[in-house]
Structure formats: structure tokens, C-alpha cells
Amino acid sequence: MAKLVKETEHPLFKKSSKLRTERFGKGLTFAAVLLTALLTAAIFFLVISKGLSTFFVNGGSVKEFFTGSTWNPGQKHEGGSPIIGALPFLTGSLAVTGLSALICTPLAIGAALFMSEISPKAGRKVMQPVIELLVGIPSVVYGFIGLSVVVPLLRDHVTGSGFGIAAGTIVLSVMILPTVTSLALDAIQAVPRSLREASLALGSTRWQMIYKVILKTAKPGLLMAVIFGMARAFGEALAVQMVIGNASVIPHSLFEPASTLTSILTMGMGYTVLGTAENNALWTLALILLLMSLAFTIAVRWIGRGKPQ
Amino acid sequence: MQTVAVPSRVLSSQTHVTALTGPELTRPKLETDRLSVFYGDHQAVSDVCLTFKKNTVTALIGPSGCGKSTFLRALNRMNDSIEGCRMAGEIRYDGIELQSRQVNVLEVRKQIGMVFQRPVPFAKSIYKNVAYGPIRHGVKKKKELDRIVEDSLRKAALWDEVKDFLHQSALRLSGGQQQRLCIARALAMQPDVLLLDEPASALDPVSTAKIEELIGQLKKEITIIIVTHNMQQARRISDETAYFYMGRMVEHGPTEQIFSNPRSEQTRQYISGQIG
């Protein structure tokens, strides 16, 4: 029988600094992941627990929250529950998001098609930098421009005070346009050249190729681009708050002051005391925002997975 | 002056050409006269003169980068869409100069179909893939489309395999089936000439055999030009062979002669595996 080598003597048991570095790196990245995960979990926990306490601690009615149209969480009904009809903000948020997506989508896809199919040269040289620049403009600037240009324009040439869903929609569509355009461009450029050639080789025109092959193939990607844009629009606070008018009523037209979840949240959060019904009600709005963004993320994931091949 | 002849449709079922005789058939279906293709400053094809007879299969062989694919793509003006690509010389189809201004490039591609190296089915149903061309060119009647789709799939030897799920996505087919679908898609345009750019190089041997058999069937009705890297394939399926090297056409002749007794030393070396 071979003689057993003492552990410390055999080269296989040698300690090396490389191994230590390896372990250190592994630990470092793991710590980063852990911290991120913990933070996310903590934020979720905070928002959910605070948001739900409107219903469980202050005795607010869930039904009223989604269907009531009077928002006054500082006051109480006769039964002692706070007045928390959030329908005006829900409709406001959905309206500006939906409408801005509606305006933005054709523009973004058109711009992306131009940059990718019609004039790639001008697209690369001019449009791409412009769009990257637009992405970088802070939202408060968009809001400021909206306030000083869009609102007066609507007031003078359309109707009302200028504040309202229409102004919010215009500002938001411009704001999400670069994001949606660049994502749409990615989706369109991801369509392989071979598919384009196959279509051309069948004697189709460029327009037929774009319409029937490129848009069709890029559909999941384009949908994702729009959803990303909607997520951004839904969560945007500052710019919208500056132009929407912030009236907690369900507006009868696009040109009457309205409000969104985010605008009420930013308006109110400085003036409430932690732990009160008013404060908790704001957390409930935050919870809705969180859940919506979660829904948008899941939608994007789901579409991404459904992509053929 | 060129006399402009109306291209004759040869795909109707009555026409059955048995021998390459008669005045109509002595004129080549397609010919190039000192055709050169440039990508920017790079000349990919130099002064190629070639003739393609009706109802024959011509194989273009040669090492990678020899310009045979570029040459093929020039024949239905697919190079038009490539930035910086320029052509010189003439391509005559039924005696018509294809690069002339009056020629409608969409019609050119309709009559001179093309199938690429990799199968490229659209993300549509099998039916819509085949119907794509005819619909784009104005066939509207459902019955007519149904007939074209069935005909084309039958000609591409795919009908029996897919007839029960025509409306499912073409992306679910196997690679070999997808390539035959692409051939069916090209046939649906009822082309006079079919250009095949290494149509079997991405396929397994069984699928390859099917495609080769298909080519043998199709040449009864149309003229076929095929680029291939596979020497045995060229020998098996083609009537004529042209050897390309460094953008030039070195030798062109009946396949048997090219393979058994090439005139050029270069051709002989390539065929025996010393070049390439």
C-alpha cells in the first residue's frame, strides 16, 4: 500500500492567492445581488404594508377606492372610514398613458422605419443622435416646456384653461417618443436581412416588404417598445403634474383639469404626516403604481418569451 | 437597337419541351455580356459572358469569394438593394436588356425567381408564405390562390407533408421542409427562370436529395441556374457547368465535359480538389 501523504505536504493542497481572489470576487458579486434583492424586497414590503393599511387599519373600502370619485382622505364618512375615491386619478393615469401611446406609436414606428429602411444613412447620422439627445432631457424640462408652450397654446387656440388630459398627453407623447423609437428601431433592425431579400426576390415592393414582412416579424419587439413607453408614461410624475391641472375630478373633456396617480402623489406627499389616514391613502396610490409597473414588466417578459425562434 | 420581345410564358401545362431544337430555343433564355459587378472599389465580377439555354440546369461552381453568388444575384437585380453596388455590361432576358430604365424590376423578380442558401420562411402560415408573391402581384380570388398554393407545393414536393396544416406557422417546419417551402414560394410566381444560391448547403443529405430530385423535375418547365459548392451535386443535377475563379468565368460547357475533360488547367485543379 502506498504511503499516505500528509495533507499539508502535497502540492494539491497548496493555498494560492489566485484561489482567494476567486472566492473574494464571488463573494463580492453575491453581496451585490443580495443587496439589490433585499432592497427590492424591502421597498415592496414597505409599499404593500403601508398601502394596504388604508384598508386594514383605517378601514377604507376597496370598492370605494376603485369606484368612488371623491378623494378626501383627511375627512371621514359617517361610519369613520376615510373618503378615498381614487377613480379620477385611475382614469386620469390610464387616459394619459393610453392616449400618449396612441399618438406616439405610429410616429415612433414611422421614424424607426425611416431610419432603418428608407434612409439608413440619414438615420444613422442625424436621427440617431437626435433621439439619444431627446432621451437624455430630464422630465422637468419637458414639463416646463409643456407649461410654457403647450398649455398656453391649448388655452388660446382650443378651449379652457389649457391644463388637462390633452396637455398631459401631448407632453407625455413627446417624452416617450425617443424611448419607443429607439426600441422600435432595435426591433426592426433585428429582422434578418435574408427575410428582406426573400421578400424583394418575390418581386414585392419595398413598402410591401416593410408592411408584410418587417412589421410582421418585428411585432413582438414593437409591442415591447410600446409597453416600455406606456410604463414610462404611467409612472411619469413631474412633467404631467405641471400641465394636467391637478383637479381631483373625473373630467368631462380632454381640456378640463384632471389628475393622475402620480400627480396627486407628488402634490400630497409633502403635506401629510406618516401614519395618518391621509398618508396611508397616498401609499395606496403608490401601491397601485407599483403593481401597474409590475404588470407592464410581466407583459414585456411574456411577449419577449413568446417570440418565435 | 434591341428588338424587344414579349417574354413567353412557358409554364402552362400543355407546353412540354422535349428537345432543344427549333428557332425559338436556339436563342438563350438568359445571357450576360461582359457583365461586371462592383462593390464600391472592389470588382467582384469581371466581364462575364455566359448563356443559359431554356430548360437546362446550369451549375455555377468555384471557390468561396469567386463571385458566383454575386453574379447570380445580378441576374434578377437583387444587387440593386445593396449600397455602393454598381454593374456594367449587359444582362439579356429573352433578348431584353434587364438593366434598362424602362424595365420594371418587380416584374424581373417575378419572372426570375430566387431561392437563398438558408431557408427564410416568413413568420406567417405555410399558406400565406406561398401566397405571398401572388397576392403582392394582384391575385385576389381565394379559389385562384388555393390553386396556386396547392400547385406550387405539389411542384416543390411538399404538398403531401403539409396539406393538413397549411394554416400553421411555417417556422414549425424542419429545415429541409422550409427550404422546399421557399422553392414553392418562388414557384408560386410562375417564374421562367429560377436562381438557386446553394439551396442545399444548410440541409441534411435526405433533404438535399429531395431538392435535387425536385430540380430535375422543375427543369422540364423552367430554366435553372444553381450556385453550389458541392461538386458531386453539380455533376448530378446540371446540364451545363460554369467555373468561376477570382470574379472571372474561367470555363463553361456541358457538365460531363467540364468534369471529365476540362479545357482549362485551373478548372481541372479545382475539380480534382487542388484549389478551393
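The values are calculated or read from the model by the stated rules, or taken from the named source; none is laboratory data. Since the model is a prediction, treat every value here as computed from it, not as a measurement. Cβ atoms come from the backbone with ideal geometry, glycine included; neighbour counts cover every protein chain shown. Ligands, DNA and RNA are excluded from the accessible area calculation, which covers all protein heavy atoms including side chains. Shrake-Rupley method; radii C 1.70, N 1.55, O 1.52, S 1.80 Å.
Spatial offset of the range B:184-201 relative to the range A:264-283 amounts to 69 Å, using the alpha carbon center of each. The mean sequence distance of close C-alpha pairs (under 8 Å, at least 6 residues apart), as a share of the length of the range A:88-304, puts its relative contact order at 30 percent. Protection proxy ranking of A:152-163, A:9-20, A:235-246, by the mean of other Cβ atoms within 10 Å over each peptide's residues and highest first, is A:235-246, A:152-163, A:9-20. Legend: helices of chain B (whole DSSP H runs) are marked when their alpha-carbon atoms reach 15 angstrom or more along the helix axis and their mean Kyte-Doolittle hydropathy is at least -0.5; marked are B:126-136, B:175-187, B:205-218.
Taking packing as the residue-averaged number of other Cβ atoms within 10 angstrom, the listed peptides B:244-252, B:102-110, B:31-39 run from highest to lowest as B:244-252, B:31-39, B:102-110. Between the alpha-carbon centres of the range B:222-243 and the range B:128-164 there is a gap of 27 Å. FRET efficiency for the pair A:PHE144 and B:SER264, taken as 1/(1 + (r/R0)^6) with r the Cβ-Cβ distance and R0 = 56 Å, rounds to 0.15. Taking a span of 27 Å or more along the helix axis (Cα atoms) and a mean Kyte-Doolittle hydropathy of at least 0.5 as the rule, the DSSP H helices of chain A that qualify are A:17-56, A:87-113, A:165-189, A:277-305.
Residue separation of A:LYS76 and A:VAL130 scaled by 0.36 nm, minus their Cα-Cα distance, works out to 14.3 nm of gained length. Radius of gyration (Cα atoms) of the range B:116-262, expressed as a multiple of 2.2 N^0.38 Å: 1.12. From the alpha carbon centroid of the range A:91-124 to that of the range B:255-276 is 57 Å.
Under the convention that each Lys and Arg Cβ holds +1 and each Asp and Glu Cβ holds -1, the size of the dipole of the range B:27-271 around its Cα centre is about 740 debye. With the charge dipole of chain A set up from +1 on Lys and Arg Cβ and -1 on Asp and Glu Cβ about the Cα centre, the Cα lying farthest toward the positive end among the listed residues A:GLY80, A:LEU107, A:LEU238 is that of A:LEU107.
A P(r) calculated from all alpha carbon pairs of the range A:88-304, with 10 Å bins opening at zero, reads 9, 29, 30, 20, 9, 3, 0 percent. Two numbers describe the Cα atoms of the range B:152-200: Rg and Dmax, which are 10.8, 30 Å.
Surface burial for B against A, with a 1.4 Å probe and both sides summed, reaches about 2000 Å² of accessible area.
Per-atom-type breakdown for the protein assembly as shown gives carbon and sulfur 61% of the accessible area (1.4 Å probe, protein chains only).
Heavy atoms of the protein chains alone define the surface here; on that basis the range B:153-276 has 43 Å² accessible area per residue at 1.4 Å probe size. Full extension of the chain between B:ALA88 and B:SER100 gives 3.2 nm of extra length, using 0.36 nm per residue less the Cα-Cα distance. Peptide A:41-53 has a mean shielding of 0, counted as Cβ atoms of other protein chains within 10 Å of each residue's Cβ. When all alpha carbon pairs of the protein assembly as shown are counted in 20 Å bins from zero, the resulting P(r) reads 16, 34, 25, 20, 5, 0 %. In the complete set of protein chains, residue-level accessible area for B:THR58 is approximately 0 Å², probe 1.4 angstrom. From helices alone, chain B scores -9500 deg cm²/dmol at 222 nm; the rule is -39500 (n - 2.57) for each run of n ≥ 4 DSSP H residues, then divide by the residue total. When the alpha-carbon atoms of the range B:189-276 are used, the pair Rg, Dmax equals 13.5, 41 angstrom.
In chain A, the calculated helix contribution to ellipticity at 222 nm averages -20500 deg cm²/dmol per residue, counting -39,500 (n - 2.57) for every DSSP H run with n ≥ 4. Packing here is the average count of other Cβ atoms within 10 Å per residue, and on that basis the peptides A:85-95, A:25-35, A:272-282, B:178-188, highest first, run B:178-188, A:85-95, A:272-282, A:25-35. Per the Debye formula on identical point scatterers at the alpha carbon atoms of chain B, with no solvent, log10 I(q)/I(0) at q = 0.09, 0.16, 0.17 Å⁻¹ is -0.41, -1.33, -1.47. Classify the range A:202-243: rounded, prolate or oblate, from the alpha-carbon gyration tensor (a ≥ b ≥ c, eigenvalue square roots; a/c under 1.5 rounded; otherwise prolate if a/b is larger than b/c)? In terms of gyration-tensor shape, prolate.
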